[in-house]
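Taking it in order: structure first as structure tokens, then the write-up.
Read-outs throughout are calculated quantities, based only on the coordinates presented, and are distinct from any laboratory measurement. Here the structure is a predicted model, which means the values were calculated and not measured. We place every Cβ from the backbone using ideal geometry, glycine too, and count neighbours over all the protein chains shown.
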Amino acid sequence: MRVATWNVNSVRARLEHLMSFLKENDVDTILLQELKCTTETFPQDYIEDMGYNCLIYGQKSYNGVAILSRYPIECISTGKEVFKDDPQARYVEALVNGYVIASVYVPNGQEVDAPAYEYKLNFLKILTSHLKEASRNEKFIIGGDFNIARTDADVYNPKTWKGRVCCTDRERALFEDLINIGLRDIMRELAPSENEPIYTWWDYRHFSFRKNYGLRLDYILATPNIEVQNCMIDKHTRTKERPSDHAPVIVDIK
């Protein structure tokens, strides 16, 4: 099964890109983040016409996550249940083809001293607690925009980014807590070396993509009982006109 994750940065604005990506890469299941639309206004008919089932957890203008699959999708939970009383649509989890699969959009955090940063840290703590149970005795996969560059190898200029949101020690420590519950960082695991630069996000400004001034913010994590054959970043999608600032990540699993 081929699984992808992509922060699409407005699904209606990038619908043609999404449809092309699914077709060109023969994706079985894709996890989307930052839909920026409600569940009701998601362009579901177009996706279903391509042979995909849809599980949408949307929110007007902001956030929003989804799971699209050629296989039947059985919803297990959404952020509404996991993150009690949180109105932001950032998490959805389902049973797909014998796997428990989740799509997550971790908050950005804005600035270290901002309330949004504390919200992000708390979100990560709740997510880790939930995944500790969700991944137990299951074939479990979670993909999404985690808004954290795990190590300096995931940052084009570690000195510039040191202490800034997405690269702070507190965020990185919480990411390691996720790994330590028994999840594997598939992209890093299959990289030629632990210091191999890997980026999935490039700022729209300053010709960042052209210069490869990027960060790795998007991940696919999986339990050890899943056999992974390949992992890649689809940079081609980032080259298109009016692209998302994130590139899709693709994993092939047995």
Given the conditions (1) within 20 Å of Tyr105 (Cβ to Cβ); (2) of a type in the set (D, E, K, R); (3) surrounded by fewer than 20 Cβ atoms within 10 Å (Cβ to Cβ); (4) within 17 Å of the chain's Cα centre (by Cα), report the number of the one that Asp218 does not fulfil.
(3)
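Taking the condition within 30 Å of Asp113 (Cβ to Cβ), over 19 Å from the mean Cα position of the chain (by Cα), surrounded by fewer than 21 Cβ atoms within 10 Å (Cβ to Cβ) and not acidic (Asp, Glu), does Thr160 pass? So that I can check it myself, show each step before the final result.
Details: within 30 Å of Asp113 (Cβ to Cβ): yes; over 19 Å from the mean Cα position of the chain (by Cα): yes; surrounded by fewer than 21 Cβ atoms within 10 Å (Cβ to Cβ): yes; not acidic (Asp, Glu): yes.
The answer is yes for Thr160.
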What pairs come up if the first residue lies in region 11-38 and is on the phi > 0 side of the Ramachandran plot, the second is surrounded by fewer than 21 Cβ atoms within 10 Å (Cβ to Cβ) and aliphatic (A, V, I, L, M), and their beta carbons are under 8 Å apart, counting only those six or more places apart or on different chains?
Lys36/Ala13
Which numbered condition Met187 fails, given (1) farther than 26 Å from Ser135 by Cβ; (2) in contact (Cβ under 8 Å) with a residue 60 or more places away in the chain; (3) among the hydrophobic types (A, V, I, L, M, F, W, C):
(1)
May I ask you to list the residues in region 139-167 that are in contact with a Ser or Thr (Cβ under 7 Å, 6 or more places away or on another chain) and charged (D, E, K, R)?
Lys139
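For region 120-140, name all the residues that are assigned to a helix (DSSP H, G or I) and either in contact (Cβ under 8 Å) with a residue 40 or more places away in the chain or surrounded by 15 or more Cβ atoms within 10 Å (Cβ to Cβ) (or both). Steps first, answer last, please.
Applying the first criterion (assigned to a helix (DSSP H, G or I)) to region 120-140 yields 120-134.
Lys120, Leu121, Phe123, Leu124, Lys125, Ile126, Leu127, Thr128, His130, Leu131, Lys132, Ala134 - these are the residues of region 120-140 that are assigned to a helix (DSSP H, G or I) and either in contact (Cβ under 8 Å) with a residue 40 or more places away in the chain or surrounded by 15 or more Cβ atoms within 10 Å (Cβ to Cβ) (or both).
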